[in-house]
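Here, each number is a calculation from the coordinates, and none is a lab measurement. Bear in mind that the values here come from a model prediction, so they are computed numbers and not experimental data. Because the Cβ atoms are built from the backbone with ideal geometry, glycine has one as well, and the counts that use them run over all protein chains shown.
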Amino acid sequence: MAIDGTGASAVADRQLIDRLRNEMRSAADPVRAAAQQAYMKSALPYFGITAPGLRTLLRPVLKTYAPSTRVVHEATVLTLWDEATHRVGGPSSTSDDGAGVVGGANLPLLA
C-alpha cells in the first residue's frame, strides 16, 4: 500500500519525527540560519546547520531507525516533508546528495 500524503500523518513514526526536530532545534545557529535564508531567498527559515554538521547530528538517530513497515517509513518521510517549518543546508552546506532538503532517503526539509 502506497501513501499518497493524505493519511501519512496518521501512520508516521511521530517519535522519530519529534526526535529529529528536537535534535535540529538544539543545534540551531540563528546567525548562520539568517545568512542561509537571505542567500537562498527562501520563505522558510533555516536551522543554520551545515550539511556535515547535520549528518553528524542525525546519524546516531537514523542509525537506530527501523521502521516497522514500508508504509510507516513512507508516511514518516512524507510527514516530515509536508509539515516542514524549516529548511536545512544552505550556501555553506550544500552537497551532491540532496542534503538541503529532508524528505528523501536522507531525511534531511525537516522540523
| Applying the Karplus parametrisation 6.51 cos²θ - 1.76 cosθ + 1.60 with θ = phi - 60° to the phi angles of segment 30-40, what ³J(HN,Hα) value in whole Hz is obtained for each residue in order, glycine and proline being reported as x? | x, 5, 5, 4, 5, 5, 4, 5, 5, 5, 7
| Phi to ³J(HN,Hα) by Karplus 6.51 cos²θ - 1.76 cosθ + 1.60 over segment 60-67, Hz, x for Gly, Pro | x, 5, 6, 4, 8, 6, 9, x
| task | Mind giving me the FRET efficiency for ALA10 and LEU44? R0 is 30 Å, r the Cβ-Cβ distance, nearest 0.05 is fine. | result | 0.80
| said: Using each residue's phi in segment 73-80, evaluate 6.51 cos²θ - 1.76 cosθ + 1.60 at θ = phi - 60° and report the 3J(HN,Hα) Karplus result to the nearest Hz, with x for Gly and Pro. | reply: 4, 4, 5, 5, 4, 4, 5, 4
